[in-house]
Amino acid sequence: MRYHLFVLFGLLIGLWAPSVQAQAIRLDVEEAPLEEAIAALRNQASVDVVYAARQVQDQTVSCQYAGDNSEEALACLLADTGLRAERVRRRQYVLAALPPSTTDAEALPPLRVPRGSLSGYVSDGETSESLPGAHVYLPDLRLGTTTNDAGYFAISALPIGTYNVRFSYLGFGSRDTLLTVGAEAEIGLTPSTLLTNEVVVEATRSDAMDLVAVPGVASVPVQDLELLPSFPGETDLFQALQWIPGVQKAGEVNGGLIIRGGEPDQNLYLLDGAPVYYPWHAFSLISTFQTETFKDIKLYRGSFPAEYGGRLSAVLDAELRDGKQAHALMALSLLSGRFIVEAPVGKKVSFMVSGRRSYLDQIIGTEHPVEENGRRDTLRTGYFFLDTNAKLTVRPNARHQLSLSYYHGEDNLDLRLPFELTTNLDDWLRPLDLFFEIEHGWGNRLYSARHQYLFSRRLFVTTTGYRSSYRANERILLRPTDASSVESDYEVRLRDYGIKTDVDFYPSLSHQLRLGGQVVSRNFRSFLDADVQRSLGVIDTLDTNAGQEALEVVAYLQDSWQPAPRWLIQPGLRASFFSGGNHVRLSPRFNVRYALHPDYLVFRAGAGVQWQYLHRLRDRYSFLYDLVSSRWVPASGSVTPSRSVQVAVGVESHPARWLTLAAETYWRDSDNILLPRDVYQTKEGLEGPGIEVGTLLGQYVGGEGRAYGVEVSLRAEQGPWRLWLSYTGSRSRTRSMELDETIFRPTRFEAPFAFRSVAARQGRHWGFVVSCDWRTGYPHTVPVARYAIGDPLDDEPTRYLYRPEINNGRLPPYLRFDATMGYRFQVFGVWFSSKLYLFNISNRRNVIDFIYDPRPPDGVAVEERRSLFLVPNLEFQIEL
């Protein structure tokens, strides 16, 4: 059924696509101005004729023609003018001068005018960083393209000549220039808001807003993302992305990203082309991606180009800065310290290095010696996280560029505390008889090498090789009684080796091909070594390990076809093979753009099939493993890959140069997703069922999901002011036939209505940001009764809650206001700044959960869990 819907969508788009039948043409002009005669032909034949004013100035023509061939009609009009019409693409022509020795008689049949390419690179005029996705637009021909990941563009098969070209990029001022076919251009764009001593330079509206076909793409300038609020005041990419419609966090401050109703593990995070599997710090409080270290960020919500795959919900593609401008930044907040250093080394080499580390452990200390009656002990309270990014870029000439990237993110938790935690400090400040020790460490490490090669003006090849790994380690020592103890060492590893090649080929004006392939080898390992002493002399030993390997091979092809000035059609196909289970899957993609007016109103529609071969799961029983970490389980003969089908339709408008309005609706259907077999199961034992993949999968069942919604946004930029408004109305549901669920139930973080707003002003010295986040409350499960099971001889039976329906209630609405205020000044070329961030400035304690306790004899006790109170953070920064 879903494939039928996809095919039907494609057929509807095909019927909607431009089809112009031959029209009767009748010309009868005598000594008429050539420009007027061409206008008459345009109206009759629905053709577009492009020319320079000087070509038709003072030219008069006489022509009598009746028929349906537009080329013959043009030849009639151009007789004795010294001009000829060269076909650029379907129903579009450009006027060119005949060679001096050519007579009009010789001009029929038409001569082939020499053709060539407009090509070059687009970069940030201040930092020299390349601008992927910049728009390149020829207003006279009403056609254009976008730059690739290296900032390269090419428009092929143009008649030799000089053309007016407009370059634009979101967050940068557009630039108009004249380019000659055959020359390679180096174009630098200026950021849209350039702060100087006296003026603010504003960007003009992009006249090429219609060059992107894929709906759901969010490409926000990095300088704007840095303005968006993020908890707890750190520069955090994922926190900033939550202000985009359809993006939310699983929980108030912790948890992964939920995009258009998907699960956090259904998102693919790419850093310089390599995947990052767990991009979070502090138990998902803060992401590992620092906004200011990136030059380009693209978020695909549901509709992906064919080059992306492997996830159902979204793809985040982030590119680190190349370091082509000398720049240094150091910052210190109440939570962490960070730095960025970047600079060119000569004309061909540049680098960027950044780092961040929390330092709470350095303030309160990690070890606390205690003593009582001659007994000594050491309590431990250590936790920190850190990030390191580095990139080296070498460009020996205009055709080659090599980039080497490195990323490392790590969290470390080290605790030794009393087994029974109390608020009485005297219990903490004495040697421990009963205690627990926890050492947790988790993190990512990534190496990436990328070579970009301009083989010819029409052919650009990018090759990326990478190694990405995720590792989590959990060591536990518990002594709940004098005679019992538990000691365990648990570790999870995932390692990727991948190589990918992308080819951009520009065969003609109407077509731009992107094709490529990828091979990825994945290795999954988990280890458990535990000793459980239940009483003196009775010790159980557990020593198990589990592992899997999988190979994935991918090939894709995508064509960006512009059959007419108002249309851009982008069909694509992605084919993949996964060795676990020998799965072969096809992922068709289809996107289309129609510009009712290229400057003011653009429609986009897209449909696609996505497959996901990896599932992220956690054990729901044992205290010995999966306390912090989770395991990625690959598809196999017994685990079917997850699949989703999504359709999206959107509209975007620029009624003024400073205003952007957008609306989009989407629908997604997913199947073969894994859902918990028992939603209410909590960790309550030691050994559990074991770490083998089969036992882990036994805690989950196959299910299907459905998500649909409407997203509306407004973005205004006027001088130093910024305003973002967004509204999202959505539903996300799941069900499992294995659990006898016949109807879909709300997912844990479904929010049917959400409204967000951000107002910001950034002047030369003072700046502020005020934000509002309102949404309906999340679903929760309300018990309908309780029951008791016990022995008549026992004093108290054991009481349980009866919850036949999951997520049958909803929490109260959530409302929060945040504010940021900053001041910056310059001394001897060095910028000093300070920023105060206030989370929840109204101190509203939103209800984020209800806890039901069936144990009281007089009824079920209900406890409200409330959100954080007002949380401040202060940061000082030096930039030069």
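The values are calculated or read from the model by the stated rules, or taken from the named source; none is laboratory data. All of these numbers come straight from a predicted model, not from anything done at the bench. Backbone-built Cβ (ideal geometry, glycine too); neighbour counts: all protein chains shown. What goes into the accessible areas is simple: the full protein's heavy atoms, side chains included, and nothing from ligands, DNA or RNA. Shrake-Rupley method; radii C 1.70, N 1.55, O 1.52, S 1.80 Å.
Assorted remarks:
- Ellipsoid semi-axes for the range 542-614, based on the Cα gyration tensor and the rule √(5λ), read 41, 14, 8 Å when sorted largest first.
- Length-normalised contact order for the chain - Cα pairs under 8 Å, 6+ apart - percent: 8 percent
- Residues of the chain: accessible area per residue with a 1.4 Å probe, Å²: 43 Å²
- Diffusion coefficient of the range 477-629 by Stokes-Einstein, Kirkwood radius over Cα pairs, 37 °C, 0.692 mPa s: 161 µm²/s.
- Cα gyration tensor shape of the range 778-826, rounded if a/c is under 1.5, else prolate or oblate by comparing a/b with b/c: prolate
- Euclidean distance between Cα centres, the range 370-384 to the range 668-700, Å: 38 Å
- Beta bridge orientation in the chain: antiparallel %, DSSP, nearest 5: 95 percent
- Tensor-based shape of the range 116-193 (alpha-carbon gyration tensor, a/c under 1.5 rounded, otherwise prolate or oblate): prolate
- Shown for the range 116-193: the carbon plus sulfur share of the solvent-accessible area, taken with all protein chains present and a 1.4 angstrom probe, equals 47%.
- Packing-based ranking, highest mean first, of 453-459, 818-824 given that Cβ atoms within 10 Å are counted: 818-824, 453-459
- Given charges at beta-carbon only (K, R positive; D, E negative), |dipole| of the chain in Debye: 1620 debye
- Dipole magnitude of the range 694-846 about its Cα centre (Cβ charges: Lys, Arg +1; Asp, Glu -1), debye to nearest 20: 1140 debye
- Cβ-based charge dipole, the chain, positive-most Cα from Ser287, Gln612, Asn373: Gln612
- Two-decimal Rg/Rh across the chain, once Rg and the Kirkwood Rh are taken from alpha-carbon atoms: 1.03
- Remark: the range 594-684 carries a charge dipole of roughly 200 debye about the Cα centre, counting +1 on each Lys and Arg Cβ and -1 on each Asp and Glu Cβ.
- Here the range 228-879 has 58 percent of its accessible surface on carbon and sulfur atoms, given a 1.4 Å probe and all protein chains in place.
- Sorting the segments 780-791, 284-295, 799-810, 853-864 by their mean number of nearby beta carbons within 10 angstrom, highest to lowest, gives 284-295, 799-810, 780-791, 853-864.
- Inter-label distance, Phe832 to Ala785: 7.1 nm, where each label sits 7 Å from its Cα along the C-beta direction.
- Relative contact order of the range 452-525: 31 percent, from C-alpha pairs under 8 Å at least 6 residues apart in sequence.
- Gyration tensor (alpha-carbon) shape descriptor, the range 437-556, a/c threshold 1.5: prolate
- Dividing the mean sequence gap of close Cα pairs (under 8 Å, 6+ apart) by how many residues the range 116-193 holds gives a relative contact order of 39 percent.
- The calculated FRET efficiency for Asn545 paired with Val847, based on their beta-carbon distance and R0 = 51 Å, is about 0.75.
- Estimated Rh, the range 837-879: Kirkwood, alpha-carbon pairs, angstrom: 13.3 Å
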